[in-house]
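Read-outs: derived from the displayed coordinates by stated rules, not from any lab. Quick caveat: nothing in here was measured; it's all calculated off a predicted structure. We place every Cβ from the backbone using ideal geometry, glycine too, and count neighbours over all the protein chains shown.
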Amino acid sequence: MGKYKNYKGPVSYVWRVLFFAIGQLFLTAGICLGKVSKFGVSAGASLPNIVNIITNGKITLGQGMTYFFYFFIACHYLTILIKKQKWSWLYLFEFAGALITGWFTDLNMLWIAPIANGMHPENSIALQIMFIVLSALFQGFGLAIYIDTDLFPNPPEAMMMALQMWNPKWKLSTLKIATDSTYVGISLILSFIFTHVLFSQDNIWIGTVFLALAVGKVMGFLRPIVSPHLKKLFYGEAPAEEAAA
């Protein structure tokens, strides 16, 4: 932040918290739209979702909390290993990010699920496609906004940023596609082993594969557009050499 000419102090945090919340609302609304589409869950949600199916729904943390509880367990320590750092209490901020995203997911599901289920998307391929495309757009837009706030990263995004630190040549959008595809692959293996089913509309389906490839693309397209405006709002004017980069 020192490279910015007009760092705005407390005002910066107000804007960052506001846009963090906006980003989370869009991100989690996209996750919910993927779930209710009956075209497959979001790629990033496929791993915790299959664990929930395997346990027969005995885990009662709620839709979002179930998702991101597993994300925290799976990604938290991987991030530390990638960074080659000792565990620190600061890493608990990732847990806060997981909790916040879980809460937002459950909140959005309260109003999205009744509306979507009333439309019966399972009976209309057009509705399923509409929901899954909106899911990709919402998730990509939400990620493009909330990542630049530097507040409470979710464990999956923290792992992506750690991988980028390890190799700066890797783009976050590419890492998003790679990690989402990995989640889907692991979920398929677990699904086949424990349920003897590879694909189902309530877990991994055509929409899941689409989201694994599309969310990172949408984020990669939008982030160069919104990021300069957000950084100017959060921190002030960037120096000329950065503005030209």
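Apply the Karplus parameterisation 6.51 cos²θ - 1.76 cosθ + 1.60, with θ equal to phi minus 60°, to every residue of the stretch 37-45 and state each ³J(HN,Hα) to the nearest whole Hz, in sequence, with x for glycine and proline.
5, 6, 10, x, 6, 4, 4, x, 8
Based on the mean of other beta carbon atoms within 10 Å per residue, what is the order of 226-233, 213-220, 48-55, most packed first?
Averaged packing, sorted descending, gives the order 213-220, 48-55, 226-233.
So which of LYS35/LYS217; LYS38/LYS232; LYS38/LYS169; LYS38/LYS231; LYS38/LYS217 end up more than 30 Å apart by C-alpha?
Pairs exceeding 30 Å: LYS38/LYS232; LYS38/LYS169; LYS38/LYS231.
So how far apart, in nm, are the two label points at ILE54 and LYS217 if each is 7 Å from Cα heading toward Cβ?
3.1
Around PRO121, under 13 Å between beta carbons, what's the net of Lys plus Arg minus Asp minus Glu among the other residues?
Around PRO121, the surrounding residues sum to 0.
Between ILE22 and LYS171, what is the FRET efficiency for a Förster distance of 30 Å, r being their Cβ-Cβ separation, to the nearest 0.05?
Using R0 = 30 Å, I get an efficiency of 0.80.
Using θ = phi - 60° and the Karplus form 6.51 cos²θ - 1.76 cosθ + 1.60, what ³J(HN,Hα) does each residue of the stretch 203-209 get, whole Hz, x for Gly and Pro?
9, 9, 8, 4, x, 5, 5
What is the packing order of peptides 39-45, 122-128, 11-17, 205-211, taking the mean over residues of other C-beta atoms within 10 Å and listing the highest first?
Highest mean packing first, the order is 39-45, 205-211, 11-17, 122-128.
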